[in-house]
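Comments concern the structure below.
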Amino acid sequence: MKLLMIYCSRFSYNPTIHSLEEFPKMEHGEELKDALVAFIHAEHQDEEDIKGVENKLLKNLKWAAKKNNTKNIVLHSFAHLAETKAEPMITKDIFDKVELRLKNADYICSQTPFGHFLDLDLQAPGVSQARIFKGF
């Protein structure tokens, strides 16, 4: 898995192209404030240890959120960080499980529409912990 986390003072998105028919088409976007946005690329090899990948993702998200003093986390599928991709249904399942676990730990967590290309608009402060990349 590849994980790019960007702390955003403001993050908004709007769906433009529905690219995966097996996921619901979304029409409306959202704007969030003070959020850690996780650009996540699940790789083919992640399918061999889904629970381990889920645990590492959760640990990294909590750590980065704490470093940026936020409880608001956004999960965004960004399949452009590595050469191979996990199956979309597996990636979405990981997202759903991590979202539930974050909410159970008193985080505010949401996902951008899965299976869509999005217009993104974000403001990210120029501080050292606002941009973090992890590969695992």
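For region 48-66, filtered to residues that are of a type in the set (A, V, I, L, M, F, W, C) and out of contact with any Lys or Arg (no Cβ under 6 Å at 6 or more places or on another chain), the residue that is farthest from Phe114 (Cα to Cα) is Trp63. Among the conditions (1) at pLDDT 95 or above; (2) touching a Pro at 6+ places or on another chain (Cβ under 9 Å); (3) basic (Lys, Arg), the only one that Lys25 does not satisfy is (1). Within region 4-24, the residues that satisfy the criterion of being of a type in the set (Ser, Thr, Tyr) and under 15 Å from the mean Cα position of the chain (by Cα) are Tyr7, Ser12, Tyr13. So for region 67-83 (the condition being touching a Lys or Arg at 6+ places or on another chain (Cβ under 9 Å) and of a type in the set (Asp, Glu)), does at least one residue qualify? Looking for residues that are touching a Lys or Arg at 6+ places or on another chain (Cβ under 9 Å) and of a type in the set (Asp, Glu), one finds none in region 67-83, hence no.
Taking residues in region 105-120 that are on the phi > 0 side of the Ramachandran plot, and partners anywhere that are assigned to a strand (DSSP E or B), the pairs with Cβ atoms closer than 9 Å and at least 6 places apart or on different chains are Gly115/His18; Gly115/Ser77. Every condition in (1) crowded, with 18+ Cβ neighbours inside 10 Å; (2) free of Cβ contacts under 8 Å to residues at least 60 places away in the same chain; (3) not β-branched (Val, Ile, Thr) holds for Asn69 except the one numbered (1).
The values are calculated or read from the model by the stated rules, or taken from the named source; none is laboratory data. Predicted model, so just to flag it, every value in this text is computed and none were measured. In this analysis, Cβ positions are derived from the backbone assuming ideal geometry, glycine residues included, and neighbour counts consider all displayed protein chains.
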